[in-house]
Amino acid sequence: MSMRILSPAEKLPLEIIPEILKFHVTENFEPPERLLLVCRSWHAAALMTRELWGYILLLLENHHARFDTKKTYPQYQVCCTSAQVKRAVQRAARVPLDLCVVWSDSEHTSWGRTIQRVDKIIPLVKTIEWKAFVPRLRSLTMEAEDHLIWMNLPDDVFGLWDFSRLEVLKTSNERLLDKAMQDSRHLSRLKIPGISLKYIKSNKFPASIRHLHIFKMHMTVLRLSEITQLVSLELTGDLMQGAPRDTLLQLQELYLHGCAPFWPIDCPNLLRLRLHPKVTSYVGYEPAEIISLPLLRELEYISSSQLSLLRFFHAPQLVTLDIQEKGYRKQETYDALNEIWPPSPLSTGVEQTQLRP
C-alpha cells in the first residue's frame, strides 16, 4: 500500500505544510528525501522549503557503501560525487549550510592513504564553492581519525566561505578555528582538541559560546571562566594532576569522560552531571573534600569500575540518578549503593535493612 493512501497529507493547506516538514525532519531526524515520496503536494512543498536541504554530508563512496550513513547522519544529503553535490546545493539555494565532512573510509589506514582521501574530498568542497559562489555556513563538522594532521588541508579550502552566520564548529584545524572566531558573531557550540586551548590564548573566546566540548584533553582547564555565557561543558581525556581549578558559576551541564583529577572545575550551580570515569583513573583516590552540588537535579554515572566515586557528592536536590555499570555482578552494584546511602540511625526497636538484589 502506498504512502499516499495511508497519509491524509494532501488535505493539509499548502501554506502550513513547510512548517510541518521542518518540524518533522528536525525532531525525528528524518532524511528530507522521504518527504518527496508521500504525495505530490508534499513533494512540491519539500522542494520549496529550502531549509530542509541545507544539511550536506561529504564523504568517500567506499565509506558510504560500508557504513549506514543514512542512519548516522539522518538529516543530511549524502554526497560522494560532484553531481550529487551540485544537486544538493541547488536544492538548498541560498540558505546557510550545515556541512559535515568525513575524511575516513576505514578505522586504520596508512599515511599515504590518508593524503589520498584528502585529495578526493577537497574537489567536493570546491564544487560547493563553484556552485554557490560564496557559500554561507551555519555549522561545520570535520570528522577524521586521530592521526589525520590538518596542516595538509590546503590554505585556500574554505578561504572564500562566509563564516559570519556560523553557529557550530567541530574541527582540529587551527586556521578554521581562527577564521570562525574572527568572522562569526553567532558561534555558540564549539568542539576542539585540548591543544587548541593553548592556541586560543592569543585570542579571546567569543562571548557567544554556550556549549564547549574539549577532546584529547591533556592539560589544565584554565581560562574557561573567560567564556562568560558557557552553560554546557564536555571534557574528554586526562588533565594535569594538581592543576588549579577554574570557577564556572554559570555552568549548568557537565560531562566528564575519563578525566583526572576527579573534579577539575568548581561549578556549584550544576543542574545536570554525567560521569564516565576510566577504570584506572581513580585507583586509591581519596578526595580532600566532598563535592557539594546543591542544585543538581540529574546525575548519570557510566562506569566499568565500582561506584565509590558517587559517595564523594552531596546533592540534596537530586531527582534522577542513572547508573550504568558494565562487567560487575548485581551484588557488587548493590554493595556500592549501600556505600552511597549508608544506613541512617534508627529508633530503638526499628529493624534496619539494606539494599539487596
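Residues of the range 11-25 that are assigned to a helix (DSSP H, G or I), exposed (fewer than 13 other Cβ atoms within 10 Å of the Cβ) and either under 31 Å from the mean Cα position of the chain (by Cα) or modelled with pLDDT of 75 or more (or both): 19, 23. Just one residue in the set 249, 233 is surrounded by fewer than 17 Cβ atoms within 10 Å (Cβ to Cβ), at pLDDT 75 or above and out of contact with any Cys (no Cβ under 6 Å at 6 or more places or on another chain); that residue is 249. I'd like to check something: does the range 117-135 contain any residue that is assigned by TED's automatic domain parsing to the domain that holds residue 179, modelled with pLDDT under 85 and outside any helix (DSSP H, G or I)? Yes, the range 117-135 contains a residue that is assigned by TED's automatic domain parsing to the domain that holds residue 179, modelled with pLDDT under 85 and outside any helix (DSSP H, G or I). Screening the range 312-331 for residues that are modelled with pLDDT under 80 and exposed (fewer than 14 other Cβ atoms within 10 Å of the Cβ) and picking the one that is farthest from the chain's Cα centre (by Cα) gives 331.
So that you can scan it fast, the table gives a plain yes or no per residue for (1) at pLDDT below 70; (2) aliphatic (A, V, I, L, M); (3) not assigned by TED's automatic domain parsing to the domain that holds residue 158:
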{"site": "28", "(1), (2), (3)": "yes, no, yes"}
{"site": "34", "(1), (2), (3)": "no, no, yes"}
{"site": "39", "(1), (2), (3)": "no, no, yes"}
{"site": "65", "(1), (2), (3)": "yes, yes, no"}
{"site": "73", "(1), (2), (3)": "no, no, no"}
{"site": "76", "(1), (2), (3)": "no, no, no"}
{"site": "87", "(1), (2), (3)": "no, no, no"}
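Here residue 177 fulfils each of the conditions (1) within 23 Å of residue 122 (Cα to Cα); (2) in contact (Cβ under 8 Å) with a residue 24 or more places away in the chain apart from (2). Of note, residue 170 satisfies the criterion of being modelled with pLDDT of 90 or more and buried (at least 16 other Cβ atoms within 10 Å of the Cβ). For the range 270-291, the count of residues that are at pLDDT below 75, in a loop (DSSP other than H, G, I, E, B) and under 22 Å from residue 193 (Cα atoms) is nonzero. Pairs meeting the criteria (first residue in the range 187-216 and at positive phi, second residue small (Gly, Ala, Ser) and modelled with pLDDT of 80 or more, beta carbons under 6 Å, at least 6 apart or on different chains) are 216/194. Annotation note: Cβ proximity below 9 Å between a residue of the range 246-258 that is assigned to a loop (DSSP other than H, G, I, E, B) and a residue that is small (Gly, Ala, Ser) and surrounded by fewer than 22 Cβ atoms within 10 Å (Cβ to Cβ) (sequence gap 6+ or interchain) occurs for 248/225; 249/225; 251/232; 252/232; 258/237; 258/281. Tell me, yes or no, whether the range 140-160 has at least one residue that is assigned to a loop (DSSP other than H, G, I, E, B) and modelled with pLDDT of 90 or more. No: zero hits.
The values are calculated or read from the model by the stated rules, or taken from the named source; none is laboratory data. All figures in this text were calculated on a predicted structure; none of them were measured in a lab. A quick note on method: Cβ atoms are made from the backbone with ideal geometry, for glycine too, and the neighbour counts reach across all protein chains shown.
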